[in-house]
Each structure stands twice: as C-alpha cells, then as structure tokens.
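Student: Sharing a structure, written as structure tokens. Questions coming.
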Amino acid sequence: MTARLAGVFGPVISTFYPGTGELDVASFAANVRAHIAAGLHGVVVAGSTGEAALLDGAERSALLDAAREMVPRERMLIAGTGAESTRACLQLTRDAASRGVDAVLVVAPHYYGSAMTIEVLRAHYRRIADQSPVPVMLYNIPKYMHFALPAELVAELAQHENVIGMKDSSGNRELFAGYMPSQSDAFAVLTGNAQMFQHALSVGSRGGILAAALFAPVIALEIFEAMRRGDRAAAEAAQERLTPLGATIVGELGVPGVKAALESIGLAGGPPRSPLRPLDAAQRTRVEQLLHGAERLAAV
C-alpha cells in the first residue's frame, strides 16, 4: 500500500449545478475520468479543494461511489474524512471504507484549537488508526487548522501499523523538514504545496497531493518524472512554470480559482457552494493569463 503512495495526486473538486447548487455527480465523474487519463497516480475526494466542509454525508458518499467507478484499482482513491469529533470522523471513515477507498486523509480537529494539545491529538489519531478499516493518512494544513501538527507527534503516529503517510500543505520548508525524518518504508511524506513540489522531492518526499495538478497535470508530472530520473534542471524549469499557478490560482484565489482554471482547460468547474463566491471577470482573466503564460514558457 505505501509503495503506491508515491507520485502526483489530485484533490478533486466537487461540482454543483449552477441553478440549484445541488451536487452534479455526472460532471464530477467526468472530471475524475479526465484526471486519471491525464496520468495522475490517484485522487483525493472530499478534501479542502473538494469543499469538504460544505458537503453533507450523503453527498460525500455519492462522490466516493462515482469516483470508485472512475479510478482503476492500480491508482489510489483517497477520501477526506476529517471531522471535529472523533466519533464523526470514525463514521465518515467507516462509510468511506465501505465504498472501496484505498485510504483516508484525516485533518486534525481544529474548531476548539486551543484544546488541541499533543495529548488530545494523539488520542484522536490513535483511535482513528486503531478502528479504521483502511489505512490512515495525517493531514497538516495550518492555513485552516491555525496550528501545525507537531513533528514529534507525526514521528510517533508514523510507527502505527495503520498510518501510512501524511500530507503537509503548510508550504513551510522548515516545518516540512521536521516531518521528513518520519518517512520510512511504511510511511510516506507528501507535500500539498505546488510551489515547493520540486524542493519536497529533492529532500526525499515521495510525491504531492496538488490542486494545481488538476489543471496543470503535465507540468506536475514533468517535475515528478524529471526528479525520478535525476534531471534536476528539467524539474526546476517545470517548477518555474508551476509556481505562479499554485501561488495565485490555488493559494490566493482558492477553490473558485481552481474551478475557473478547470473550465479554462475544458473540464467542469462551475460555482463553488455558498457562502463561497465565484471569481469575477477580472479574476477569471487573470487565471486564463496565468495558464497561457505557463503554456508559453513550455514552448520556449
């Protein structure tokens, strides 16, 4: 299982009908099929880019069922199942497992942030890992959590037989370096930050779960393959093309930016779910200019 946790993974969006805001499962499935055809090594459903916080349980289940049909068994299907209570997280995890996911990605509870001591987080994650029917991945995203998983906790949890890896979306090189000693044959450290993808690989990371790979899969895969064959110059050149896409479209414009970028390349985007708002015309133009700029650099 851990050997499969390497490469470029896409945290897929959730698609909604413009008029009603209801889930558009057909468009979602078509997107997943396209991401797999583009060469991604797997997908994450109901992650941050998938507006997980805005989905109900039935919607999560429907998305997982649709994704399972589109993702071949040799690729990975990962479900985001983090929740504010351990009980709710376990319920989501068991449901995801029943729908055939290969692993679950669990963000730390964070609403009661000041109460999330290392002891509390240890107990939470240990219970999830002990009781999950499928392998567990830790998810560190300080942007939304407002704290970071302590490196010493990650090192401890990495020894659990049912914890196979983590996604670190901090974009902080020092923090990432603190997690890397936890990597082993049984535990993979992945980055969730497109701007530091090549750097992460250069220090030994096994891959990335990158929202930018949804609309720029060729570039992300180029970085991964170049690093794998030892062509650092090619990887760095590709990284120069990926960095502005990740920094602006994902980091600055967020989910609406990712959805607009997907529309620009011919995939389904659509509106985000309220209270999120779609991009305005100027922002959409900016997205298109960034994508065209990356294409021009590729032609140089």
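Student: What are the residues in segment 84-126 that are small (Gly, Ala, Ser), in a helix (DSSP H, G or I) and closer than 15 Å to ALA46 by Cα, if any?
Tutor: Those that are small (Gly, Ala, Ser), in a helix (DSSP H, G or I) and closer than 15 Å to ALA46 by Cα: ALA88, ALA96, ALA97.
Student: Go through ALA62, ALA129 for me and flag whichever is part of a helix (DSSP H, G or I), of a type in the set (Gly, Ala, Ser) and closer than 19 Å to GLU152 by Cβ.
Tutor: ALA129
Student: Can you confirm whether GLU152 is free of Cβ contacts under 8 Å to residues at least 24 places away in the same chain, farther than 21 Å from THR81 by Cα and either of a type in the set (Phe, Trp, Tyr) or assigned to a helix (DSSP H, G or I) (or both)?
Tutor: It is false that GLU152 is free of Cβ contacts under 8 Å to residues at least 24 places away in the same chain, farther than 21 Å from THR81 by Cα and either of a type in the set (Phe, Trp, Tyr) or assigned to a helix (DSSP H, G or I) (or both).
Student: So which residues in segment 247-266 are closer than 13 Å to ARG286 by Cα and outside any loop (DSSP other than H, G, I, E, B), if there are any at all?
Tutor: ALA247, THR248, ILE249, VAL250, GLU252, PRO256, GLY257, VAL258, ALA260, ALA261, SER264
Student: In segment 192-235, how many residues are part of a loop (DSSP other than H, G, I, E, B) and either touching a strand residue (DSSP E or B) at 6+ places or on another chain (Cβ under 7 Å) or buried (at least 24 other Cβ atoms within 10 Å of the Cβ) (or both)?
Tutor: The qualifying residues number 7.
Student: Right, something else. Go through segment 89-108 and count every residue that is under 17 Å from the mean Cα position of the chain (by Cα) and of a type in the set (Asp, Glu).
Tutor: The first filter runs over segment 89-108 and keeps only residues under 17 Å from the mean Cα position of the chain (by Cα), leaving 93, 96, 101-108.
From the residues that got through so far, the ones that are of a type in the set (Asp, Glu) too are 102.
Of the residues in segment 89-108, 1 are under 17 Å from the mean Cα position of the chain (by Cα) and of a type in the set (Asp, Glu).
Student: Follow-up question, since we're still on this one. What are the residue pairs meeting all of these: first residue in segment 157-184, first residue within 14 Å of PHE197 (Cβ to Cβ), second residue at pLDDT 95 or above and among the charged types (D, E, K, R), Cβ atoms under 6 Å, and 6 or more apart or on different chains?
Tutor: Here the result reads PHE176/ASP168, each pair linking segment 157-184 to a residue that is at pLDDT 95 or above and among the charged types (D, E, K, R).
Student: For segment 110-129, what are the residues that are surrounded by 12 or more Cβ atoms within 10 Å (Cβ to Cβ) and either without any contact (Cβ under 8 Å) to a residue 12 or more places away in the chain or out of contact with any strand residue (DSSP E or B) (no Cβ under 8 Å at 6 or more places or on another chain) (or both)?
Tutor: HIS110, MET116, ILE118, VAL120, LEU121, ARG122, ALA123, HIS124, ARG126, ARG127
Student: Follow-up. Which ones in segment 15-58 are under 20 Å from GLU263 (Cα atoms), small (Gly, Ala, Ser) and within 13 Å of the chain's Cα centre (by Cα)?
Tutor: Listed by number, the residues that qualify are ALA46, GLY47, SER48, GLY50.
Student: Please go through segment 130-152 and pick out each residue that is under 24 Å from ARG94 (Cβ atoms) and crowded, with 16+ Cβ neighbours inside 10 Å.
Tutor: SER132, VAL134, PRO135, VAL136, MET137, LEU138, TYR139, ASN140, ILE141, MET145, LEU149
Student: While we're looking at this one, here's another question. Given the conditions (1) at pLDDT below 95; (2) within 19 Å of LEU5 (Cβ to Cβ), report the number of the one that GLY19 does not fulfil.
Tutor: (2) is the only condition that GLY19 fails.
Student: Hey, could you check segment 1-52 for residues that are in a loop (DSSP other than H, G, I, E, B) and β-branched (Val, Ile, Thr) and say which is surrounded by the fewest Cβ atoms within 10 Å (Cβ to Cβ)?
Tutor: Ranking the candidates gives THR20 first.
Student: Can I ask one more? List pairs: first in segment 210-230 and within 19 Å of GLY47 (Cβ to Cβ), second assigned to a helix (DSSP H, G or I) and of a type in the set (Lys, Arg), Cβ under 8 Å, 6+ apart or cross-chain?
Tutor: Qualifying pairs under 8 Å: ALA216/ARG241.
The values are calculated or read from the model by the stated rules, or taken from the named source; none is laboratory data. In this text the structure is predicted, and so the values were computed from the model without any measurement. For neighbour counting, all protein chains shown are included, and Cβ atoms are generated from backbone atoms with ideal geometry for every residue, glycine included.
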